[in-house]
Each structure stands twice: as structure tokens, then as C-alpha cells.
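The values are calculated or read from the model by the stated rules, or taken from the named source; none is laboratory data. As the structure is a prediction and not an experimental result, all values here were calculated from the model. Cβ placement follows ideal geometry from the backbone for every residue including glycine, while neighbour counts extend to all protein chains displayed.
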Amino acid sequence: MTICLRASALGFAVIFQTGLLWAAEEPADPPGLTATLKGHTETVYAIAYSPDGRYVVTASFDKTLKLWDAATGAEIKTFGGQAGHQNLVLAAAFSSDGRLIASGASDNTAKIWDVPLKTPLREFAQGDAVNALALSPDGNRLAGAGKDGTIKIWNAADSKQLFSLSGHSGAVTGLSFNDNGQFLASSGSDKTVRIWNATNGQPVATLGAHSSAVNAVLFAPGGNAVYSAGDDGLLKSWKLPVGARRNLAGHGAAPTTLALSADGGLVATAGTDKIVLLSNFDNGQQIRPLQGATAPIRALAVSPSKALVAAGAADGRLFLWNVADGKMVRQLAAHASAVTGVAFHPNNSQVLTAGTDGSLKLWNTATPKKPMPNDDKPVKVLEAHAGGVAGLAMHKDGSHVLSGGADRTVKLWNLTNGKAERTYGPLPAGVSAVAFSRDYTQVAASAGTTVKVWNAADGKELKALIHPADVTSLSFSADKSKMATGALDQMVRVWDLALGKELQFFAQAGPAPAVMFHPNNLSVISAGTGKSAVVDSLACTRALSASMGPVRGLALAPNGVHLLTAGDDRTIRLWNMNNGANERTILGAEEAFYAVAVSRNGALIAAGGADQKVRLHTFADGKTQGIFKTPGKVRGLAFSPNNQTLAATCDDHSLVSWNVLFQPGQGVPAEFGKAGQAYAHADAATCVAFTTDSIGLYSGGLDKTIKQWKFASDVPVKNFGHPALVDAVAFNPASSQLATGGHDGTVRIWDVVKGQQLRQINAHTAPPAPSPVYCVAWSPDGKQLLSGSLDRSMKLWDAAGGALVREFKGFKEKEAEKGHRDGVFCVAFSPDGKMIASGSSDNAIKLWNAATGVVIRELVNPKLKAKGAVAGAPAQAHPGWIQGLTFVANGARLVSAGKASRGRGYLAMWNTADGALLYGEELPLGPIYSLGVSPNGRFLALACGPRGRQVQEANGYILKMPDAGPQQTTRAEK
């Protein structure tokens, strides 16, 4: 199909003067009209069907193109405005895959636009409700995750599943690729953040990240850190790579107690196997075993000099070994029942024990010179706690001892006079462990599910750390900023003591009866996992209290320094992750925020949530730039990479979008906030991400699918400048190239992907002046290109090299008597490429042999007389100019359209085998300037001018094909 415009001043005058003769009354609609495409304000000059028949595009003198639903006639999108054509739009064509539209106009440009498809390009089945998705930076891989805890990674191009990642024990809530796409981070309701190798699907690290559900995760630029936010109201930063868990020397059974040398180099572990194992902290290798204990060991200590190890056993005995050779140097019957604690005096010559008998006892470590019984008497005995002592800690100067017991108290004892100088408590349950901070200014104790921290000097309570299960052990970090705790829920936790909140947790295979912070402040040693103690590395480098309630949304600013959080407290907060400062708080929401996003250029912040609104603020100062209403609660937000569009997923199943093109300091554009395409899931839509080229969207929903949508921007994806009006556009069959015909007489071929001109053909530029090219058409094999011109000729070109293959000359007596006598407005190839049809302003249609250039036949309309009824005058096919042609029924028929008198259009159908007219009627729709045929051959789309002098509007129309029945068509070309 081709369309054309005689674009001289005289040509325009003819079009508009014709309207003065039209009848005043509005004509009735013709039979078979199925849809009227209303919306243009001036002549509709070009029309085309999409290859799948779902859409129709129209081009108009009102400077716009419009996309329509072919079945309903509903308008889907308008292409225009500041980024669109600035003068009459004269041509339009779909690419062969239906994803692009090309347009040409009298503003001397051709443009390519993205088509917003209402149906998804493809679907990715998740298996359960989709909560999160992420696209790799190169756009090649898509990750999706959902309620069932499974993460899937697909090849984005063909939806082939590459990997299925399992590890989360609950719903996955967030996903993020690092800069090079090699790693994927995930967050979950199981309180963890996990790092995966996205190239092979293998797990890399698991972070016990928050005390409750983790709602969002993001990689930092460079990939050396990840950020997370959760229901606990915290924003956290994690260093990467994460140190792997290390095992120390293994026992015959799970160790239950451990001790560390002052320098952190030596680790002693023991348990029910009655053996103490000494391990090198740095490499985990066993140094030697210490044997000879007569019962399971309950407590351990390493002397300050690192020369001795003391162990207290369940049978009440105390054992001492020499570290250097592993020999037992002394054993004592220390208590009547189990020993629960041991601690060396700083002088290395004494050791203090605690027992379930409620006492503390101080013993000499050296064996007396004179032989004495093994039940040597203690140096000092303190009756400390009724019901038993559960733990003890020695002050660095040996003057004081801290103990806790079954009586729910913690006591600070003066070891010199044996008196309790201070009591901390009471506590809610019996004490299970006690500890001094490294500088001895604070003391801590665990009792039941609570850990309390006090100021050692005055007993003022500083923090209470609440656990979900009974706490068994605790340890201060060397810098006093953190605390490690072990509990019966098989968790070791690290706490930020300033915030009083959990920093990180490490899952164990069983209860954690012993835990110690290493002096390096970065490692935690614990017993209770398998048959060896383990070393875990602290990865959390910063924790910020980001909200009074759960943090739901997290976004990284382009500068890589700032993070945005939004949550249940109805605030948006801007954080500087270099120093942890909250630099701005934005208020105004009526209900909780669920999502936040920042544009790629750093100009805008968007946040939305339960109040069914999306709020837009400038990043620089937080000022409100717009509030967009949404059809449901907002669950996900994303800016397009080109900063032009904002998309939101909503609880009402919808995915909606807006134009948000904005430049700070230049005011808000008129089109800012204009609603864009909308799509739908079968259930609530939860998450959204743009493709890297900004022309695609992925959305996930509770319908257990991720859908890929084609998104069309308000800005053309390509602009091709010309020196004159662009009258014709046509994609090659592969849609890799676009041909344009111009008023300067040239045909130009463009690379659609690169946006570059491949070649210029001076097709109709012979002196004395160039002749406009009104139509272009590709051969079905894409090797040749046909042009038609006002100079009455057609020319066939080699598309690859631009050489002239054949000329179909205009009329000339005794030389080209079969040629057209006026401008060629439209041309079309038959499906097999052997025949060419041409239509002209001489009212004639001719069928040509494409290989020889010979006219096969001229189509004669028996309803019409020859012009002027003069003998020898050319026969007429139409009563007016022929504006459009297309083959149907696999080339057996030809449909033509054009103008008739009194402001009407003319439509005809021909048998190409014998030239017989099968149908020919004037239609009261206005002059027909273009036609399109649906792929199934059952419908016609017509582009028309106004229907009468009193009727200003001009429309496109969809009619049933006059000859009913499915027919195969050629591609309509302009």
C-alpha cells in the first residue's frame, strides 16, 4: 500500500478547494463499517495495519500519529508534541515484527516510534506469586523471585530458564544485580540477604541481615557492598566479599564451651567428649589436644600469659594444662557439683572457679612444693548466689569479679575483702552468662530471653536486648560498640549497642552455648554447630535507624553515595552512606510508602504506597513536583533509563505509567504527568523494571508470572533529517532498514538500529528540477526497491548498491505509450514479486511485469467513461486520483482507493488475472488518502479527509472487505 501528497502550494489548494463543493449534509455511514477512528482534528492522510492485525496506525495533518485498537476502534496512544512532528504527517508504516512505526512528514523528517503492545511479548512462569525482579545491566538476563522462596534466572531474549536458585526459607522480597551482572543479591522474609553467582547459579554467601523480614536489597556501585532494609526499620551496609565460615579443630561431639587467648591467636574448645582442643585462630588447624578430664567440660579459660589452660568439669573438678606440651599440671576437686565458670587472675598464678553450689573459689595454679592431696584448699571462697553461679568474669587488675546466678542477680565482688560492692538487677530469670567490656566500664548479663547492659560504675541500665529464645552466652566486642550473643534458637547474633538493635545473625546447627568476639572486632567464634567451633566474619559495616516502622522501599541515587528509604512512617529519607547522615526527610504522605525510586539523571524522586498516589519530588531540594493518582495501592516503581517515564505496579492488577521528562531549573513541562500506557496482570502487580533501552518493561504479579511488555515512549527512538518533505516511508521485510522518499527527488535508505543513512539514491532528480518521490516499496525478498514520482515514472533500484535496475517510464507518444500520464502516487508488489501495481493522479491503475517493465494490463472501470469522452483518451480506473493500492488473496486481487467527486472516497477491487472490476463504489467517508488491509484479508482501514463542508473532523475507518472471506495480503508499503 502506498500513499502520497502533491505537496506543492497548488496541490494543497486543490485538496482544500475541493471541500468547498461538498454537500452541507452529513452522509450516512456505508454498509460494513465496523469502527470509526475518531480523534484527529485534521485530514487523516496515512493508515496501516500492524502485522498481527491488532492495531492500526494513522497519520494526520494535525501533526500527530495515533495508534488504535483495530477490534474496538479505541485510541491507545498519540505520538506528537514537542518531540513529535512539527508539521503535516504524510506517511506511516509498521515494521514486520509490529514493534516499530515509521513516519514521514512535511517538517523534513522521518521518525521511528516504539509500538506499545497491549499484550505481553512473552511471559516467564515463576511457580508462585512474584515479589521481586531484576534485569542484568546488559539486559540479557532476567531474575525473578516470589513467595515460594525460589529465584529463577532466564535468558531475556528467548525466556529460556538458565538457573533455579533455592536457599531462602520464605518469600524472596528483593533482587539486585551487581554492575557487571556476575552476582545477584536477594533479600527474604527469612531475614537473610543472599549473594549468588549469576553466571552459574551457585550460592556465594548468606548474610543473617535483619531481626525480621528483609524488604529490599541493592548492590552498591562497584559491587563491593550491598545495602538492605527491613521490617526492623534499619538500613544496613554490608561489605563484600563476605568471609566464609571457618571450622576449627573437630571434636567427637559438639563443643559446648570455648576460650580465647588475649591476643586472639589461640582458641580452646571443649565439650562432652572430655577433651580440650587447642586451635590456631588464623588457619583453624589443631595445635594439640589436652586430655585427662574425668567428665564433660563446662567452662574454659586461657591464662593471660597463654601458658596455661584451665577447664571446669561437670563432676566439680578443675583441670590445668601446660599449653606448650599439653601436659596436665594440676587437677583439683573444686566444687561439690559442676563447675560453671573459670577465669585466670591477671597474675597468672591464680584461677577463679564458679559452681552450681553457689560459690566462687580462688585457687593457686602452681603445685605446692610439698606433696598435697588433690583436694587442696582454695585461697578464698565467696558464697555468691543461692541456687548456683552461672557465669563469672575477672577484672583486668584482678581486684574485682563479676558473677551471675540463679537468684536473678549480677554482682560485682571485691576480691580482696570478699564483699559484693554492687548488685545489678534483678533480672527476669536466672542468669546464664556475664561479661565485662574490654575497658571494664560496662557489664552485661543474660537472663531468659533478655540481655542487659549496665554502666559498671553506677549500675545504670544502658540497653536491654530482647531475643526470641533464651540466651546462653554473650561477649563484648573489643571496641565496646557491639555484642555477640548465643541462644537456644540456634542463632548467634551481633548487636549494635548504640542502637540496641540486631546487626547480623549466624545460623547454627544447634543451640549456641558459647560465643566470643575476637579482639579484631570482625570475627565471632561460637560453639554449637556440628563437632567443631566455627568462626564467622562480621559483614555489616553500618546500621542506621531509618524509620519508626518497617522500611519498605530502597533506592540508590546515581551518585552512588546517597540512598533513599521509604516506609510505614510515611516519610522519604535521604541518607549519605559515606557518613551515615540523614540529609533530608520528605513528609506529606497520608499512609505508608511501599516503594521509592530515583531517576537515572538524579533529578527526581518518586514514592508511592497505600494512599494510592505517587509523589514526585526534586532530588536537590525535596520540593513536590507532582502527585499522580493510581488505581490501587502502589507496590513497585521504576524510572526508565532515559528519564522520560515512570511506571508503577498496583494492587488492582494494573501497571501504569506517566511522562516525567523534567530538567531542574527549567520549570515543569506541559506534558509532565501525562498518563502513558497501562497494562494488566490477572492479580495484583507487585514489581516493575525497565529494559536497558527504555522501550520495554518487565512486571511481576501475584498471578505467578513475570510479563515482558513493549513500552512506547513519547519520544521517537530515531530521527532522520531530510532536506525536504518526506512523502513516503517503508521498512524492508526484515525491518532492519527504512526507505524514505522525499520531495527533493531522492530515495534514502537508513539503518534502523544504528540510525545512520546507508545510502542516498538520486532517483528522480533529473533537470530541470527534482521531482518528488511519492511512494516507495520493497520487493518481497528485500533486494530491490521501487520508487514512484510526480515525474510519472517508476524506478526499480538495487537496494544493496543503489544501482538502477529498471525504469518504468511515464507516457510518451511512440516511446512509452503505456506509461502514466501524471504523477505516480502509489505502488505495490504482488506477494511473489513478479507483478507491480501502480496508481496515479491520471486516475489509472496499471499492472506491470516486474522483470521486463512491460505493462501487463490496464484496469478499466466499466462504470466510468474515458476522460472527456474523447476517442483515444486513457481509460479510467477511478473517478479521481488513486491514492492507495494493495494486493490481496495471494495476489489474485487488487484493492485500490482514492478520491471521488463531492468530497467522497472511491474503493475498488479487481481480479488481477483478467483485470475485471469486482467491486467499485463511492463511499460517503470523505476523500480516501490511504488504505490498509488486515492480515487475514477480512477488513480494510481507510484514511480519509473531512466528509463534508460542514464537517470539520476527519477520521480513519475500518470496514469489512467488500468481498467477504479470508484473504492473504501483501505488506502495505508507503
Kindly indicate whether any position in segment 864-876 is under 23 Å from Ala91 (Cα atoms) and buried (at least 21 other Cβ atoms within 10 Å of the Cβ). no
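Take Gly833 and tell me if it is over 57 Å from the mean Cα position of the chain (by Cα), more than 30 Å from Val951 (Cα to Cα) and not aliphatic (A, V, I, L, M). Let's see the steps before the verdict.
Working: over 57 Å from the mean Cα position of the chain (by Cα): no; more than 30 Å from Val951 (Cα to Cα): yes; not aliphatic (A, V, I, L, M): yes.
For Gly833, the condition - over 57 Å from the mean Cα position of the chain (by Cα), more than 30 Å from Val951 (Cα to Cα) and not aliphatic (A, V, I, L, M) - is not met.
Restricting segment 652-667 to residues that are outside any strand (DSSP E or B) and surrounded by fewer than 20 Cβ atoms within 10 Å (Cβ to Cβ), which is nearest to the chain's Cα centre (by Cα)?
We begin by selecting, within segment 652-667, every residue outside any strand (DSSP E or B); these are 652-653, 660-667.
Still in the running and surrounded by fewer than 20 Cβ atoms within 10 Å (Cβ to Cβ): 652-653, 663-667.
Details: Asp652: 20, His653: 18, Gln663: 24, Pro664: 25, Gly665: 29, Gln666: 29, Gly667: 29 Å.
Among those residues, the one meeting the criterion is His653.
So, Ala712, is that one surrounded by 22 or more Cβ atoms within 10 Å (Cβ to Cβ) and part of a loop (DSSP other than H, G, I, E, B) or not?
Working: surrounded by 22 or more Cβ atoms within 10 Å (Cβ to Cβ): yes; part of a loop (DSSP other than H, G, I, E, B): yes.
Answer is yes for this residue.
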For Ser164, are the conditions met, namely being touching a strand residue (DSSP E or B) at 6+ places or on another chain (Cβ under 8 Å), within 14 Å of His210 (Cβ to Cβ) and in the same structural domain as Leu133 (by TED's automatic domain parsing)? no
Qualifying residue in segment 775-785 (condition: surrounded by fewer than 21 Cβ atoms within 10 Å (Cβ to Cβ) and over 25 Å from Ile845 (Cα atoms)): no
Can you tell me how many residues within segment 541-571 are buried (at least 21 other Cβ atoms within 10 Å of the Cβ) and not in a loop (DSSP other than H, G, I, E, B)? 12
Evaluate segment 404-423: report whether one residue or more is farther than 21 Å from Ser303 by Cα, within 47 Å of the chain's Cα centre (by Cα) and not in a strand (DSSP E or B). no
Reported set for segment 634-646 where residues are touching a Phe, Trp or Tyr at 6+ places or on another chain (Cβ under 7 Å) and more than 12 Å from Val598 (Cα to Cα) is Val634, Arg635
Within segment 693-702, residues being assigned to a loop (DSSP other than H, G, I, E, B) and at pLDDT below 95 number 3
Restricting the first residue to segment 778-789 and requiring it to be at negative phi and at pLDDT 95 or above, which pairs with a second residue that is crowded, with 24+ Cβ neighbours inside 10 Å and charged (D, E, K, R) meet a Cβ separation below 9 Å and a spacing of at least six or different chains? Trp778/Arg971; Trp778/Glu973; Pro780/Arg971; Leu786/Glu973
All positions within segment 99-149 that are in a strand (DSSP E or B), closer than 19 Å to Phe183 by Cβ and not basic (Lys, Arg): Ala132, Leu133, Ala134, Leu135, Leu142, Ala143, Gly144, Ala145
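Yes or no, residue by residue, for (1) in contact (Cβ under 8 Å) with a residue 12 or more places away in the chain; (2) surrounded by fewer than 16 Cβ atoms within 10 Å (Cβ to Cβ); (3) assigned to a loop (DSSP other than H, G, I, E, B):
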| site | (1), (2), (3) |
| --- | --- |
| Ser237 | yes, no, no |
| Ala244 | yes, yes, yes |
| Leu248 | yes, no, no |
| Ala268 | yes, no, no |
| Asn283 | no, yes, yes |
| Ser305 | yes, yes, yes |
Test Leu65 against the stated conditions and say whether it is of a type in the set (A, V, I, L, M, F, W, C), in contact (Cβ under 8 Å) with a residue 60 or more places away in the chain, in contact with a strand residue (DSSP E or B) (Cβ under 8 Å, 6 or more places away or on another chain) and within 21 Å of Ser694 (Cβ to Cβ). no
Only strands (runs of 3 or more DSSP E) wholly contained in segment 804-914 count here; list those with 2 or more residues that are under 28 Å from Val44 (Cβ atoms) and in contact with a Gly (Cβ under 7 Å, 6 or more places away or on another chain). 824-829, 835-840, 882-888, 893-899, 905-911
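Yes/no per residue for (1) at pLDDT 95 or above; (2) in contact with a His (Cβ under 7 Å, 6 or more places away or on another chain); (3) buried (at least 19 other Cβ atoms within 10 Å of the Cβ); (4) of a type in the set (Val, Ile, Thr):
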site	(1), (2), (3), (4)
Asp114	no, no, yes, no
Leu117	no, no, yes, no
Leu121	no, no, no, no
Gln126	no, no, yes, no
Ala145	yes, no, yes, no
Asp158	no, no, no, no
Ser166	yes, no, no, no
Gly170	yes, no, no, no
Thr199	yes, no, no, yes
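Would you please name the residue that is farthest from Leu402 (Cα to Cα), looking only at residues in segment 450-465 that are part of a loop (DSSP other than H, G, I, E, B) and either in contact (Cβ under 8 Å) with a residue 24 or more places away in the chain or of a type in the set (Asp, Glu) (or both)?
Here the answer is Asp458.
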Residue in segment 89-108 that is farthest from Gly741 (Cα to Cα), counting only those that are surrounded by fewer than 21 Cβ atoms within 10 Å (Cβ to Cβ) and modelled with pLDDT of 95 or more: Ser96
Sort out which residues of segment 270-280 are part of a strand (DSSP E or B) and either assigned by TED's automatic domain parsing to the domain that holds Asn520 or of a type in the set (Val, Ile, Thr) (or both), and write them in order of number. Val276
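Residues to consider are Ser103, Ser186, Ser96, Ser164; find the one that is of a type in the set (S, T, N, Q) and under 18 Å from Ala689 (Cα atoms). Break it down into steps so the answer makes sense when it comes.
Working: Ser103 fails: under 18 Å from Ala689 (Cα atoms); Ser96 fails: under 18 Å from Ala689 (Cα atoms); Ser164 fails: under 18 Å from Ala689 (Cα atoms).
One residue alone meets the criteria, Ser186.
Condition test on Ala299, is it part of a strand (DSSP E or B), in contact with a Gly (Cβ under 6 Å, 6 or more places away or on another chain) and aliphatic (A, V, I, L, M)?
Details: part of a strand (DSSP E or B): yes; in contact with a Gly (Cβ under 6 Å, 6 or more places away or on another chain): yes; aliphatic (A, V, I, L, M): yes.
Criteria met by Ala299.
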With the condition kept exactly as written, say whether any residue in segment 815-832 is at pLDDT below 95, of a type outside the set (Ser, Thr, Tyr), in contact with a Leu (Cβ under 7 Å, 6 or more places away or on another chain) and surrounded by fewer than 17 Cβ atoms within 10 Å (Cβ to Cβ). no
Restricting to segment 885-925, what's the tally of residues that are aromatic (Phe, Trp, Tyr) and either surrounded by fewer than 22 Cβ atoms within 10 Å (Cβ to Cβ) or over 19 Å from Arg938 (Cβ atoms) (or both)? 2
How many of the residues making up segment 211-231 are assigned to a strand (DSSP E or B), closer than 17 Å to Phe505 by Cα and of a type in the set (Gly, Ala, Ser)? 3
Quick check on my filter: what residues within segment 172-210 are part of a loop (DSSP other than H, G, I, E, B) and under 23 Å from Ala543 (Cβ atoms)? Asn178, Ser189, Asp190, Lys191, Ala209, His210
